[in-house]
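Asks: One structure coming up, written as structure tokens, with questions to follow.
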Amino acid sequence: MASSASPLKTTATGYATYQGREGHYAFLLHRLTGLGVLLFLIIHILDTSTVYFYPELYEHAIALYRSTPFMLGEIGLVFAVIYHGVNGLRIAVTDLWMPKRWAIQTQRNAVRITLAISVLLWAPAALWMTYNMLLHNHGINLLPFIGTH
Amino acid sequence: MKPRFEAIAWRAMRYSGILLIPLAWFHVYLQDVIVGVHAIDINYVAVRLANTGWVVYNFLLLAFAFAHGMYGLRQVSFDFVRSERGRRNVSILLLVLWLVISLIGAIALIGGARPELITH
Ligand code: HEM
Ligand code: HEM
């Protein structure tokens, strides 16, 4: 690559072409989920603030969060918060207390375990949120024996 | 930026992250999974923000999650912006955004929800 390549281009092609495998995917996903949660958080702080500044607007904001596309987004958001947290914990604990474990082989396994834990923590929440979405937005009750609430 | 600041921030990212696991996870599980958006309205928020314990909780969440996220965004942006000047500008921009949005959030938490102002 030319030495004068722009940092933007170097970074962007680096994202796509760096061959670190598991560690690299974990880094990308950590970055993506962190930025995604931050974007949500900025909007969330502002829409929650309407309860004080413009209480009439809050209902509109919440109505949006109840729509099917947003509820699907929220299911993704829950995964992002969980994965970023589990993976962030792996990074923090390794960095602060056991830096020797930053060997590639050790981390390959750690990354797989991180992903497995995240999916396990997320799955029950995702199923419950899907149940609620179908019930409230589409009138489909997947668990009729529980009754509606 | 001074190396000392970056070293402290590096540690702060890790410790705040560990703290955010109980703080952010409990908040999201409670509001989005257990209560759910169909049960949340301004009256629900009014009751919660009348409780000092939850106001303090939300305050900690606001302070730690948002500072952690904005500092993280600064790190990401530094991978794209390499010049000293550019990094300074990005830092100032993010600092101002962080202060303004934090202030708005903090005022709302202290002021509480005011459903009585809805006219229709
Ligand atoms: C749930 C608990 C959390 C933990 C354990 C955690 C942990 C971490 C750690 C250790 C880093 C540093 C990564 C590195 O330097 O390589 C980081 C980066 C980051 N975090 Fe978090 N975090 C958490 C929650 C959050 C939340 C709620 C947000 C959004 C508001 C967020 C946004 C970010 C961003 C944008 C970065 C920068 C990503 C990058 O440099 O690639 N994090 N997190
Ligand atoms: C879609 C999922 C979420 C729902 C339904 C939700 C719901 C709420 C509600 C109803 C409030 C009002 C205060 C209260 O009732 O205690 C609130 C405030 C807050 N939430 Fe969430 N939340 C969600 C996700 C998140 C996430 C992922 C974060 C950050 C990591 C977060 C951070 C905050 C903060 C900082 C406040 C205080 C805002 C302010 O200063 O006005 N929330 N949330």
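The values are calculated or read from the model by the stated rules, or taken from the named source; none is laboratory data. Note that the structure is a prediction, hence the values are computed from the model and not measured. Here the Cβ positions follow ideal geometry from the backbone for every residue, glycine too, while neighbour counts run over all protein chains shown. Calculation scope for accessible area: heavy atoms of the full protein, side chains included, ligands and nucleic acids excluded. Shrake-Rupley method; radii C 1.70, N 1.55, O 1.52, S 1.80 Å.
Asks: From the list B:Tyr29, B:Tyr44, which one is within 30 Å of A:Trp128 (Cα to Cα), more than 9 Å from chain A (Cβ to nearest Cβ) and free of Cβ contacts under 8 Å to residues at least 24 places away in the same chain?
Replies: Matching residue, one of B:Tyr29, B:Tyr44: B:Tyr44.
Asks: Go through (1) more than 7 Å from ligand 2 (Cβ to nearest atom); (2) more than 8 Å from chain A (Cβ to nearest Cβ); (3) under 20 Å from the mean Cα position of the chain (by Cα) one by one and return the number of the condition B:Ala39 breaks.
Replies: With (1) more than 7 Å from ligand 2 (Cβ to nearest atom); (2) more than 8 Å from chain A (Cβ to nearest Cβ); (3) under 20 Å from the mean Cα position of the chain (by Cα) applied to B:Ala39, the lone miss is (3).
Asks: Something else now. Within the range B:26-67, how many residues are among the charged types (D, E, K, R) and within 28 Å of A:Thr33 (Cβ to Cβ)?
Replies: 2
Asks: Still on this structure, please answer the following. Got a sec? Which of B:Leu30, B:Leu61, B:Leu99 is within 14 Å of the chain's Cα centre (by Cα) and under 30 Å from A:Pro69 (Cβ atoms)?
Replies: When all the criteria are applied, what remains is B:Leu61.
Asks: Which number in (1) among the charged types (D, E, K, R); (2) buried (at least 17 other Cβ atoms within 10 Å of the Cβ); (3) free of Cβ contacts under 8 Å to residues at least 24 places away in the same chain marks the one condition that A:Glu56 misses?
Replies: (2)
Asks: Anything in the range B:68-91 that is more than 8 Å from chain A (Cβ to nearest Cβ), more than 30 Å from B:Arg48 (Cβ to Cβ) and in a helix (DSSP H, G or I)? List them, or say none.
Replies: B:Arg74, B:Gln75, B:Ser77, B:Phe78, B:Glu84, B:Arg85, B:Gly86, B:Arg87, B:Arg88, B:Asn89, B:Val90, B:Ser91
Asks: Applying the selection to the range A:119-143, what residues are open to solvent by less than 90 Å² (accessible area, probe 1.4 Å) and farther than 23 Å from A:Ala63 by Cα?
Replies: Correct list: A:Val119, A:Leu121, A:Trp122, A:Ala123, A:Pro124, A:Leu143.
Asks: Let me ask another. Just one of (1) more than 12 Å from ligand 1 (Cβ to nearest atom); (2) without any contact (Cβ under 8 Å) to a residue 24 or more places away in the chain; (3) farther than 30 Å from A:His136 by Cβ trips up B:Leu97, so point out which.
Replies: (2)
Asks: Only one residue in B:Leu109, B:Leu103, B:Leu117, B:Leu94 is over 27 Å from B:Ile42 (Cβ atoms) and not aromatic (Phe, Trp, Tyr). Which one?
Replies: Testing whether each residue is over 27 Å from B:Ile42 (Cβ atoms) and not aromatic (Phe, Trp, Tyr) leaves just B:Leu94.
Asks: Here is a follow-up. Give the range B:1-55 a look and list any residue that's assigned to a helix (DSSP H, G or I), touching a helix residue (DSSP H, G or I) at 6+ places or on another chain (Cβ under 7 Å) and more than 14 Å from ligand 1 (Cβ to nearest atom), or say none.
Replies: Once the filter is applied, which keeps residues that are assigned to a helix (DSSP H, G or I), touching a helix residue (DSSP H, G or I) at 6+ places or on another chain (Cβ under 7 Å) and more than 14 Å from ligand 1 (Cβ to nearest atom), the range B:1-55 yields B:Val33, B:Val37, B:His38, B:Ile42, B:Asn43, B:Val45, B:Ala46, B:Arg48, B:Leu49, B:Trp54, B:Val55.
Asks: What do you reckon, is B:Ala108 more than 16 Å from ligand 1 (Cβ to nearest atom), modelled with pLDDT of 95 or more and either open to solvent by less than 50 Å² (accessible area, probe 1.4 Å) or under 17 Å from the mean Cα position of the chain (by Cα) (or both)?
Replies: yes
Asks: Within the range B:1-21, can you find the residues that are within 10 Å of chain A (Cβ to nearest Cβ), without any contact (Cβ under 8 Å) to a residue 24 or more places away in the chain and not charged (D, E, K, R)?
Replies: B:Trp10, B:Tyr15, B:Ile18, B:Ile21 - these are the residues of the range B:1-21 that are within 10 Å of chain A (Cβ to nearest Cβ), without any contact (Cβ under 8 Å) to a residue 24 or more places away in the chain and not charged (D, E, K, R).
Asks: Hey, among the residues in the range B:111-120 that are open to solvent by less than 80 Å² (accessible area, probe 1.4 Å) and either in contact (Cβ under 8 Å) with a residue 60 or more places away in the chain or outside any helix (DSSP H, G or I) (or both), which one's nearest to B:Pro3 (Cα to Cα)?
Replies: B:Gly112
Asks: Please enumerate the residues belonging to the range B:92-108 that are more than 8 Å from chain A (Cβ to nearest Cβ) and of a type in the set (Val, Ile, Thr).
Replies: B:Ile92, B:Val96, B:Val100, listed by residue number.
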